[in-house]
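The values are calculated or read from the model by the stated rules, or taken from the named source; none is laboratory data. Nothing here was measured: the structure is a model prediction, and the numbers come from that model. With ligands, DNA and RNA removed, areas are computed over all heavy atoms of the protein, side chains included. Shrake-Rupley method; radii C 1.70, N 1.55, O 1.52, S 1.80 Å.
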Amino acid sequence: YTLSLHDALPISIYGQGAHALSQQLKIEHSRLNSLPSKALANLHQLDEVRLTNANISEFAADAFVGLDKLKILDLHDNKLSTIPKGVFQPLRNLEVLDLGRNSLAKLQPVYFSDLAKLISLNVSHNGLTEYPRGVFARNTVRMKMGVFFDVIVILYFSSKWNQVLRVLNLNGNL
């Protein structure tokens, strides 16, 4: 099942009352602004969440609690400048994470430390200026990563990168 809202104007969203069998949630081109605490907690069956171009500038650290089956999280084209510590911790099965076209200037190691099954990460078009050591220190699955059209000034490579990265695309960087 898919629940899709295109050009919707929700101010906030909560899992209560939503269809219990939904596996996909798509909210596009909306004025969502933020995701509150445990916003999707009652939607346990979701394996895909796409909140794209939804004007999200912040979300609670426990916004994704209860999404144990989630494999795809697409948050591209929002207004995120920071990511709360531990927000992805409940997403132990996450394989694809799209944070492209936000306002993230720097990636922190705590962002991805709990995503052991992550195989694809898009952080393109964020204006990244630094890529610190330890970003994927705990990841064990080989993954592909896209960092397009950002201005990366510092990019640290370690022996761990060789074990974790399958593809690193840096097209359009200076």
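Which entries of LYS26/LYS106; LYS38/LYS69; LYS79/LYS117; LYS38/LYS106 show an alpha-carbon separation above 24 angstrom in the structure shown?
Correct reply: LYS26/LYS106; LYS79/LYS117; LYS38/LYS106.
Put simply, the amide H of LEU35, placed in the peptide plane, has neighbours under 5 Å in GLU58, PHE59, ALA60, leaving out anything fewer than 5 places away on its chain.
For ASN42 and GLU58, the difference between the fully extended length at 0.36 nm per residue and the C-alpha to C-alpha distance is 3.7 nm.
For region 49-96, carbon and sulfur atoms together expose 45% of the accessible surface, with a 1.4 angstrom probe and every protein chain in place.
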